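The values are calculated or read from the model by the stated rules, or taken from the named source; none is laboratory data. Everything quoted here is computed from the prediction, not taken from an experiment. As a convention, Cβ positions derive from the backbone with ideal geometry for all residues, glycine included, and neighbour counts pool all protein chains shown.
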Amino acid sequence: MCTKHFRLSVLTLGLAAAFSATAQTSDAERLKALEAKFGQSMAVIEQLQKRIGELEQGKAGATSPAASAVVNRVETLEKSVTELATSASKTSTDVGLPLHGFLDTGYASASGKPPAYEKSGFRLGTFDIYLAPQFSDRVKGLVELAFEYGADGGLGTDLERLQLGYVVNDNLTLWAGRFHTPYGYWNTAFHHGAQIQTSITRPRMIAFEDQGGILPSHTVGAWATGKFDTGVGRLNYDVFAGNSDSMRDGTLDYNASGYNNGTPAMGFNLGLSPKAVPGLTVGLHAVSEKINSYDALDTLNGETTMQVAGAYAFYESDNLELIAEYYNFNNQDHFGKTGTHNSTAGFVQAGYQVANRLTAFARYEKADLNQADPYFNLMNLGATQFGKSYHQSTVGLRYDLDPRSALKLQLEQITDEGNANQTVNWLRAQYSVRF
Amino acid sequence: MKARILQLVAISALAASGNLWAGDVFVIANAGVNVSADDVRDVFVGEKQIDGAVKLVPMDNAAAQADFLAKVVKVDAAKYTSMWAKKGFRDGVSPPAVRGGDAEVISAVKSTPGGIGYVTKAPADVKVIQKY
């Protein structure tokens, strides 16, 4: 069946081919016409090629301005972004002077018989603000103002610091004005910054002058500070000279407007931060000044060269903080001419981060103050009687709510010669912030 | 099989802790700044403020700060903030301004005399002090 169909198909195709060939060879004119048509077709093709070329050229010519426009827009945008960023960077440094400070409030409760000057109950702490203007690359300032309520409930306002400085280089900065007297570690590191110090209270031996302090915690004068890198480690130094304090009604007065006895206060602080123990600083310090004392009627009742020298150490790691300070007084009595009197005071404090945000701390402090020394004896004319010996143990917990605020709880036991050697226990709480 | 699962769990834990794929940090500076890599930490904790005649202007980069603090300053963000709070209070030195990201830091460093900052990718047209 298949073979028969194949044969028929071959026969049909053969007849058709034979007919076609016969027709072409017999018509020469038709061949010429075909040649003419071919020539025309070639001309059309050439025209089309030419047109395509023109179109392609036209296309290229049409897209070039568009691409340029895009490039221009990108360049403009880039320029705008750069200008905005530059403007933003300038703005961030030119928006004015940042105001920083500290604020705290708290509660204290005593068991036993506390001295009259200290009561149990809720209390306002200190509202402390400070500014650090940068007048130029080298010239800067530091202004600190504190508002605090005293034990008598009166509001005290104190221009804590008013310093103008000049940065000579990284090794030397010169300051003039009223500054925190650079002895030990605590006084310059924390001072009124309740939130940045681990405990609620500062050691009593370095209490502020207006709270019965036995050391001048501020000086009006000039101060050179800086550091040098040595083979052993970094050497930090402070050297200062200023107005000698006077004592009025048992309270040290920093004499903002000049000497009252013609002699300057002088001192230094030299600290070494060894490379071998990162976080550790050990140092020596000394202060010397002639202090005149006056009674309530402004009558001279004492004239002492207060000379204190000592040592300190500070260590800080991720979870441990250690602070120790020691003071050795050798005060010379010029008024009663009773000679030189020796007294000592010191404290050691440890803080350990026991859990995330939670730090436990403990402190022991002790002062043996010679009551034959009129410098300390006359201090007891004041309300606080901090010129007398005492020893105190403190334990507490600090919880950081966030990096800028802390809740603290503290237990103290103090035995105070100024309080008839009674032992009094204190429970204190504090909520402190910085901004 | 168990060993492979444990291996995967360990790798995942490390990755989650952020230690495994911490990115590179490039410390960059304005063309006029000549501090060495050894000075970078001191610059960012306020211990080095002057470079020759130039007042240094360090800048933090919010997008790369965690890596930078871990690799260069060797403290966490909370400690860094605390260090600057104490430094600012004692010495009257302001902490580095915080920029939002690489582009902002690069722009500010280029346009600020004494500018020094850090970024996650090294730009071609800014001085690179050190890669960490």
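Output the residues belonging to the stretch B:31-43 that are within 12 Å of another protein chain (Cβ to nearest Cβ), in contact (Cβ under 8 Å) with a residue 60 or more places away in the chain and part of a helix (DSSP H, G or I).
Keep residues of the stretch B:31-43 that are within 12 Å of another protein chain (Cβ to nearest Cβ), which gives B:35, B:38-39, B:41-43.
When the remaining residues are screened for being in contact (Cβ under 8 Å) with a residue 60 or more places away in the chain, the result is B:35, B:43.
Hit for the stretch B:31-43 is B:VAL43, nothing else.
Return the pairs, sorted by first residue and then second, in which the second residue is aliphatic (A, V, I, L, M) and in a loop (DSSP other than H, G, I, E, B), the first residue lies in the stretch A:229-249 and is over 30 Å from A:GLY279 (Cα atoms), the beta carbons are less than 6 Å apart, and the residues are 6+ apart or on different chains.
A:ASP249/A:ALA296; A:ASP249/A:LEU381
With the requirement that a residue be in a loop (DSSP other than H, G, I, E, B), surrounded by 22 or more Cβ atoms within 10 Å (Cβ to Cβ), among the aliphatic types (A, V, I, L, M) and within 25 Å of the chain's Cα centre (by Cα), what does the stretch A:187-233 give you?
The answer is A:ALA194, A:ILE200.
Name the pairs: first residue in the stretch A:304-323 and within 14 Å of another protein chain (Cβ to nearest Cβ) and over 17 Å from A:THR188 (Cα atoms), second residue of a type in the set (Phe, Trp, Tyr) and part of a strand (DSSP E or B), Cβ to Cβ under 7 Å, at least 6 apart or on different chains?
Pairs found: A:ASN319/A:TYR352; A:LEU320/A:TYR352.
Tell me yes or no: at least one residue of the stretch B:61-69 is part of a loop (DSSP other than H, G, I, E, B) and within 12 Å of chain A (Cβ to nearest Cβ).
Step one: list which residues in the stretch B:61-69 are part of a loop (DSSP other than H, G, I, E, B), which gives B:62-64.
Restricting the remaining residues to those that are within 12 Å of chain A (Cβ to nearest Cβ) gives none.
Scanning the stretch B:61-69 turns up no residue that is part of a loop (DSSP other than H, G, I, E, B) and within 12 Å of chain A (Cβ to nearest Cβ).
Looking at this structure, is A:LEU142 under 20 Å from A:GLY177 (Cβ atoms), surrounded by 16 or more Cβ atoms within 10 Å (Cβ to Cβ), modelled with pLDDT of 95 or more and within 30 Å of the chain's Cα centre (by Cα)?
It is true that A:LEU142 is under 20 Å from A:GLY177 (Cβ atoms), surrounded by 16 or more Cβ atoms within 10 Å (Cβ to Cβ), modelled with pLDDT of 95 or more and within 30 Å of the chain's Cα centre (by Cα).
Starting from the stretch A:190-210, take each residue that is more than 14 Å from chain B (Cβ to nearest Cβ) and among the basic types (Lys, Arg) and list its partners that are buried (at least 24 other Cβ atoms within 10 Å of the Cβ) and in a loop (DSSP other than H, G, I, E, B), counting only C-beta distances under 7 angstrom and pairs at least six apart or across chains.
Here the result reads A:ARG204/A:PHE386, each pair linking the stretch A:190-210 to a residue that is buried (at least 24 other Cβ atoms within 10 Å of the Cβ) and in a loop (DSSP other than H, G, I, E, B).
Quickly run through the stretch B:77-126 and pick out the residues that are of a type in the set (Phe, Trp, Tyr) and facing another protein chain (nearest Cβ under 9 Å). Show your work before the answer.
Here is the first cut: in the stretch B:77-126, the ones of a type in the set (Phe, Trp, Tyr) are B:80, B:84, B:89, B:118.
If the condition is that a residue be of a type in the set (Phe, Trp, Tyr) and facing another protein chain (nearest Cβ under 9 Å), then B:PHE89 is the only one that fits.
Among B:LYS79, B:LYS86, which is closer than 30 Å to A:GLU160 by Cβ and over 15 Å from the mean Cα position of the chain (by Cα)? Spell out how you get there, then give the answer.
On the way: B:LYS79 fails: over 15 Å from the mean Cα position of the chain (by Cα).
Step by step, each of B:LYS79, B:LYS86 is checked, and only B:LYS86 is closer than 30 Å to A:GLU160 by Cβ and over 15 Å from the mean Cα position of the chain (by Cα).
Which of the residues belonging to the stretch A:171-186 are surrounded by fewer than 20 Cβ atoms within 10 Å (Cβ to Cβ) and either part of a strand (DSSP E or B) or of a type in the set (Val, Ile, Thr) (or both)?
Across the stretch A:171-186, the qualifying residues are A:LEU172, A:LEU174, A:ALA176.
Name, by its number, the condition in (1) within 11 Å of chain B (Cβ to nearest Cβ); (2) crowded, with 23+ Cβ neighbours inside 10 Å that does not hold for A:VAL168.
For A:VAL168, the exception is condition (2).
Do the conditions hold for A:ASN255, that is, is it in contact (Cβ under 8 Å) with a residue 40 or more places away in the chain, over 27 Å from the mean Cα position of the chain (by Cα) and outside any strand (DSSP E or B)? Spell out the reasoning first.
Values: in contact (Cβ under 8 Å) with a residue 40 or more places away in the chain: no; over 27 Å from the mean Cα position of the chain (by Cα): yes; outside any strand (DSSP E or B): yes.
No: the conditions fail for A:ASN255.
Checking the conditions here, which among B:GLY52, B:GLY46 is more than 8 Å from chain A (Cβ to nearest Cβ) and either touching a helix residue (DSSP H, G or I) at 6+ places or on another chain (Cβ under 6 Å) or buried (at least 17 other Cβ atoms within 10 Å of the Cβ) (or both)?
Details: B:GLY52 fails: either touching a helix residue (DSSP H, G or I) at 6+ places or on another chain (Cβ under 6 Å) or buried (at least 17 other Cβ atoms within 10 Å of the Cβ) (or both).
Result of the check over B:GLY52, B:GLY46: B:GLY46.
Give B:LYS79, B:LYS110, B:LYS121 a once-over and let me know the one that is surrounded by 15 or more Cβ atoms within 10 Å (Cβ to Cβ) and farther than 22 Å from A:GLY279 by Cβ. Talk me through it step by step, then tell me what you get.
Working: B:LYS79 fails: farther than 22 Å from A:GLY279 by Cβ; B:LYS121 fails: surrounded by 15 or more Cβ atoms within 10 Å (Cβ to Cβ).
Going through B:LYS79, B:LYS110, B:LYS121 in turn, just one is surrounded by 15 or more Cβ atoms within 10 Å (Cβ to Cβ) and farther than 22 Å from A:GLY279 by Cβ: B:LYS110.
Which one of these is of a type in the set (Ser, Thr, Tyr) and away from every other protein chain (no Cβ under 14 Å): A:SER136, A:SER120? Lay out the reasoning, then the answer.
Details: A:SER136 fails: away from every other protein chain (no Cβ under 14 Å).
Every option except A:SER120 fails the conditions.
I'm trying to understand the selection: among the residues of the stretch A:350-369, which are without any contact (Cβ under 8 Å) to a residue 40 or more places away in the chain, surrounded by 15 or more Cβ atoms within 10 Å (Cβ to Cβ) and polar (S, T, N, Q)?
Answer for the stretch A:350-369, where residues must be without any contact (Cβ under 8 Å) to a residue 40 or more places away in the chain, surrounded by 15 or more Cβ atoms within 10 Å (Cβ to Cβ) and polar (S, T, N, Q): just A:GLN353.
Scan the stretch B:85-125 for residues that are in a loop (DSSP other than H, G, I, E, B) and touching a helix residue (DSSP H, G or I) at 6+ places or on another chain (Cβ under 7 Å) and jot them down.
So in the stretch B:85-125, the residues in a loop (DSSP other than H, G, I, E, B) come out as B:92-96, B:100-101, B:112-114, B:120-125.
Passing the criteria: B:VAL93, B:SER94, B:PRO95, B:PRO96, B:THR112, B:THR120, B:LYS121, B:PRO123.
Can we say A:ALA383 is in contact (Cβ under 8 Å) with a residue 60 or more places away in the chain and closer than 18 Å to A:GLY212 by Cα?
Details: in contact (Cβ under 8 Å) with a residue 60 or more places away in the chain: yes; closer than 18 Å to A:GLY212 by Cα: yes.
Yes: the conditions hold for A:ALA383.
Going through A:ALA286, A:ALA296 one at a time, which residue ends up being among the small types (Gly, Ala, Ser), in contact with a Lys or Arg (Cβ under 9 Å, 6 or more places away or on another chain), surrounded by fewer than 18 Cβ atoms within 10 Å (Cβ to Cβ) and closer than 24 Å to A:HIS218 by Cβ?
None of the other options fit; the residue is A:ALA296.
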